[in-house]
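As structure tokens, the structure follows; a few thoughts come after it.
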Amino acid sequence: MPLAIVGNNFVIAWEERATMAFVLQVQRTCIDRNISLAGIQVLFEEADTHGSGYLDYLEFRRFCEDLGLDHSPSEARRLFRLLDESRSGGITFFEYCHTIFPDLDVEWLAEHGVLSLGAAGSRAPPTGSRLATPERRRLRSSDREFH
């Protein structure tokens, strides 16, 4: 097996290990501090200081600090990119939950009134965002219909 393939697979495995460590750290923090999904949502909305419905990078850093998570700037940027599924430059509450609680259907919970989504719903970053192309706006509007 060529060395490049082995090296590439090692890098992928290492990144997945770091991601899993983050997910377990958040889940463990929630359990230790008795934070429910609704509590996470409240912290998320409080971290969204702009009231935009998504967290930008600095808001994400404050959110992690509120959860007692301390990461280096490079690790925080990597985690931010990981959580930003739409690559829009902002993390919605749904995107956050998709990674941290992968078996939880937050869209279904929101649709059935279990979660009351204020600003922290699935709203996308403003159209002036660096990646707000017509195609991405079309995808976002179809996502809103789904949610």
Name the pairs whose Cβ atoms lie under 6 Å apart, with the first residue in segment 85-111 and in contact (Cβ under 8 Å) with a residue 12 or more places away in the chain and farther than 20 Å from Ile31 by Cα, the second of a type in the set (D, E, K, R) and in a helix (DSSP H, G or I), and 6 or more positions between them or separate chains? Glu85/Glu95
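Would you be able to tell me the number of residues in segment 47-58 that are aliphatic (A, V, I, L, M) and under 12 Å from the mean Cα position of the chain (by Cα)?
Initial filter on segment 47-58 (aliphatic (A, V, I, L, M)): 47, 55, 58.
Remaining after also requiring under 12 Å from the mean Cα position of the chain (by Cα): 55.
Count: 1.
Taking Gly39 as the residue in question, decide whether it is modelled with pLDDT under 85 and open to solvent by less than 40 Å² (accessible area, probe 1.4 Å).
Details: modelled with pLDDT under 85: no; open to solvent by less than 40 Å² (accessible area, probe 1.4 Å): yes.
Here the answer is no, as Gly39 does not meet what is asked.
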By residue number, the members of segment 89-106 that are modelled with pLDDT of 90 or more and touching a His at 6+ places or on another chain (Cβ under 8 Å) are Phe94
Residue under question is Thr19, and the condition is that it be modelled with pLDDT of 85 or more and surrounded by 11 or more Cβ atoms within 10 Å (Cβ to Cβ); does it hold? no
Go over the candidates Arg78, Arg61 one by one and state the one that is surrounded by fewer than 17 Cβ atoms within 10 Å (Cβ to Cβ) and over 11 Å from the mean Cα position of the chain (by Cα). Arg78
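The values are calculated or read from the model by the stated rules, or taken from the named source; none is laboratory data. Everything numeric in this text was worked out from a predicted model, so none of it was measured. Cβ coordinates were reconstructed from backbone atoms using ideal geometry, including for glycine residues, and neighbour counts include every protein chain displayed. The protein model used for the area step is the full one, side chains on, heavy atoms only, and it has no ligands, DNA or RNA in it. Shrake-Rupley method; radii C 1.70, N 1.55, O 1.52, S 1.80 Å.
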